[in-house]
There are 2 protein chains.
Amino acid sequence: MTPMKKNKDQQGEPSALDLDRQVCHSLYSAANALVRAYRQTLEKLDLTYPQYVVMMSLWQKDGVSISNLSAHTRFDAGTLTPLLRRLQDKRLIDVKVAKGDERRKIVSVSRQGRSLKKSAEKVPGQIACAVDMPAEDALKLKGLCETLVGKLKR
Amino acid sequence: MTPMKKNKDQQGEPSALDLDRQVCHSLYSAANALVRAYRQTLEKLDLTYPQYVVMMSLWQKDGVSISNLSAHTRFDAGTLTPLLRRLQDKRLIDVKVAKGDERRKIVSVSRQGRSLKKSAEKVPGQIACAVDMPAEDALKLKGLCETLVGKLKR
DNA sequence: AGGCGTCATTTTGCACGCAAAGTAATTGAC
DNA sequence: GTCAATTACTTTGCGTGCAAAATGACGCCT
């Protein structure tokens, strides 16, 4: 019955445009899911995920310019400017004009920012726990992502 | 000389908070880099990456409700509402209230939306070319991302 | 010294991403 | 049948992410 029905909801022939076979969509979804997972953990620290990334970068090495920070975090300058303003409003960082080159600004962790690090130490463990991925897979994933970032360098 | 110098730019002992060993940061960077790569390709179609994802979902199966679309694309409803309005403004989709349940809306691809599909067929190839990743790695990456999404289901 | 190109950062404008609150229609309990 | 809970979607508010334009400082060339 219903011979030659024009199958409107096709799902007909598989296409390169099928969402379910797109690596990019998986990657995009995973990144969003991850940020969502961080949100719960980080709200105790009153940080967003990008702010947390910037703080990690500064905890590792501070007294850096915005362009240094941009290179290390891979956030562009136009993203960093307002983000740093918010971290400054929270008294987590200090920003001062570099002596010798007034274009440059030097960002460093404040006293409060340094004390926040202690609470932040627990974050990676909590996320690792929520994600629950074998170390080997995590490394593989990281490697593939880094390769991808490398290929897509602007 | 400079004995016992308080090493201010430490990089001292490695920490779990070091940016460079965080899988999440790599994933986040990769997703952003991908969207950036898509931007150039997609601007010819006057689509953003999320809009392209929605169109792919609809090309695959249309006549769906917003919550169906939300499940398939993994975008939340609050993201979809304005996004669909923009696709509607571009005359790529039609949205109508479902008969029998006036809360629900049914989204389908318009004539123009269907004709756009032909141009979009070229997109996956162009991205694949820019990314230049062996199929095996791509599959592995997709698998790991899907696992992660699964673990982090809300 | 004056001027011009370059560099670091900021601003602007637009589109998400998402939690939370709001609205309207439907269902379910009684 | 009525009314409260639920469901589907919209709205609001805030923080990115980024291209492009604007701003201000530096540095070199002559």
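The values are calculated or read from the model by the stated rules, or taken from the named source; none is laboratory data. No experiment lies behind these values; they were computed from the predicted model shown. With ideal geometry, Cβ positions are generated from the backbone for all residues, glycine too; neighbour counts draw on all protein chains shown. Just the protein is used for accessible areas: all its heavy atoms, side chains included, with ligands, DNA and RNA removed. Shrake-Rupley method; radii C 1.70, N 1.55, O 1.52, S 1.80 Å.
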Computed ³J(HN,Hα) along the stretch A:39-47: with the Karplus parameters 6.51/-1.76/1.60, θ = phi - 60°, integer Hz and x for glycine or proline, the list is 3, 5, 5, 7, 5, 5, 9, 6, 10
Given the rotation that superposes chain A on chain B, what residue of A brings its beta carbon nearest the axis, and what is the distance in Å?
A:31, 2
Amide H neighbours of residue B:64 under 5 Å, counting only residues 5+ apart in sequence or on other chains, H built in-plane at 1.01 Å?
B:107
Taking each label point as 7 Å beyond Cα in the direction of the beta carbon, state the distances from residue B:82 to the same residue in the other copies, shortest first, in nm.
1.1
Any trypsin sites (Lys or Arg not before Pro) in the stretch B:16-81 that lie in a DSSP loop and have at most 14 other Cβ atoms within 10 Å would be B:44
Search the structure for amide H atoms under 5 Å from the amide H of residue A:94, placed 1.01 Å from N in the peptide plane, and list their residues when 5 or more places away or on another chain.
A:108, A:109, A:110
Got a sec? Which residues in the stretch A:54-81 would a label at residue A:95 touch, if it sits 7 Å along Cα→Cβ and we count backbone N under 15 Å?
A:54-55, A:58, A:63-71, A:75-81
Kindly flag which residue pairs out of A:61/A:153; B:44/B:122; A:61/A:122 have an alpha-carbon separation exceeding 18 Å in this structure.
A:61/A:153; A:61/A:122
Could you state the angle between the C-alpha long axis of helix B:111-120 and the longest principal axis of the C-alpha atoms of chain B, as a value from 0 to 90 degrees rounded to the nearest 10?
40
Alpha-carbon centroid distance for the pair the stretch A:125-140 / the stretch B:70-106, whole angstrom:
35
When the accessible area of the protein assembly as shown is split by element with a 1.4 Å probe, what percent falls to carbon and sulfur?
52
Based on the Cα coordinates of the stretch B:38-120, what is the per residue volume of their convex hull in Å³?
85
In nm, what does the list of distances from residue B:121 to its counterparts in the other copies look like, shortest first, when each label sits 7 Å along Cα to Cβ?
5.9
Below 8 Å between Cα atoms, with a sequence gap of 6+, how large is the relative contact order for chain B in percent?
19
Counting only GluC sites (Glu not before Pro) that sit in a DSSP loop (anything but H, G, I, E, B) with at most 14 other Cβ atoms within 10 Å, what is the longest stretch of chain A containing none of them?
A:1-101
Value of Rg to Rh for the protein assembly as shown (Rh from inverse mean 1/r over Cα pairs, i.e. Kirkwood):
1.04
Treating the Cα atoms of chain A as identical point scatterers in vacuum, please give the log10 of the normalised Debye intensity I(q)/I(0) at q = 0.17, 0.18 Å⁻¹, two decimals.
-1.12, -1.21
